[in-house]
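Below you'll find the structure, written out as structure tokens, and then a few comments.
The values are calculated or read from the model by the stated rules, or taken from the named source; none is laboratory data. Not measured: the values here are computed from a predicted model. Heads up, the Cβs are rebuilt from the backbone with ideal geometry, glycines too, and the neighbour counts pull from every protein chain shown.
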Amino acid sequence: MIEKKQSRFKPGQSGNPKGRTAGAGKVSQLRASIGAHVPAIIDTLVTMAKSGDSQAAKLLLERVLPPVRAIEQAMALQLPEAGTLTEKASAVLRAASDGLLGPSQAAQLIAALATMAKISEVDELASRVAELEARHGNA
């Protein structure tokens, strides 16, 4: 039978609880050494791209000027306060069909309403269970 070698650390105990110190890795050292030269490197890439170097142009466009991401504008939407969740969902769909909301915004609002329906359902079930327990003396 093979004996199990005794380890220095117990299970769940780290040999280095504080972890690696920030800035100790090779990547952070490389970034620190290149950091002062970044403006000159970008200028060189621009010069190369202007002279027809497609790789330099691609690198500039991909890394220095990343693509602009679409950001949806926040829209104020009046939902019926006293209405049911179905009426509120219908109002969201109506706003989307009228062009007041984007499709993804409408989908997010409908998903939020669906989550509210689940929460409401759980609340209702909890109150029913509490009522049954009170009625039958199991509270």
For P66, indicate whether it is farther than 30 Å from Q105 by Cα, assigned to a loop (DSSP other than H, G, I, E, B) and not polar (S, T, N, Q).
-> no
Which residues, counting only those in region 115-139, are without any contact (Cβ under 8 Å) to a residue 12 or more places away in the chain, of a type in the set (G, A, S) and assigned to a helix (DSSP H, G or I)?
-> A126, S127, A130, A134
Looking only at region 48-58, decide whether some residue is assigned to a helix (DSSP H, G or I), more than 28 Å from the chain's Cα centre (by Cα), modelled with pLDDT of 90 or more and exposed (fewer than 10 other Cβ atoms within 10 Å of the Cβ).
-> yes
Of the residues in region 23-55, those that are out of contact with any Lys or Arg (no Cβ under 9 Å at 6 or more places or on another chain) and small (G, A, S) come to G23, A24, G25, S28, A32, S33, G35, A36, A40, S51, G52, S54
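Do we find that L77 is in a loop (DSSP other than H, G, I, E, B), surrounded by 10 or more Cβ atoms within 10 Å (Cβ to Cβ) and either in contact (Cβ under 8 Å) with a residue 12 or more places away in the chain or more than 23 Å from the chain's Cα centre (by Cα) (or both) in this structure?
Values: in a loop (DSSP other than H, G, I, E, B): yes; surrounded by 10 or more Cβ atoms within 10 Å (Cβ to Cβ): yes; either in contact (Cβ under 8 Å) with a residue 12 or more places away in the chain or more than 23 Å from the chain's Cα centre (by Cα) (or both): yes.
Answer is yes for this residue.
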In this structure, does L60 turn out to be within 30 Å of V46 (Cα to Cα) and not acidic (D, E)?
-> yes
Which of (1) modelled with pLDDT of 85 or more; (2) assigned to a helix (DSSP H, G or I) is the odd one out, the single condition Q29 does not satisfy?
-> (1)
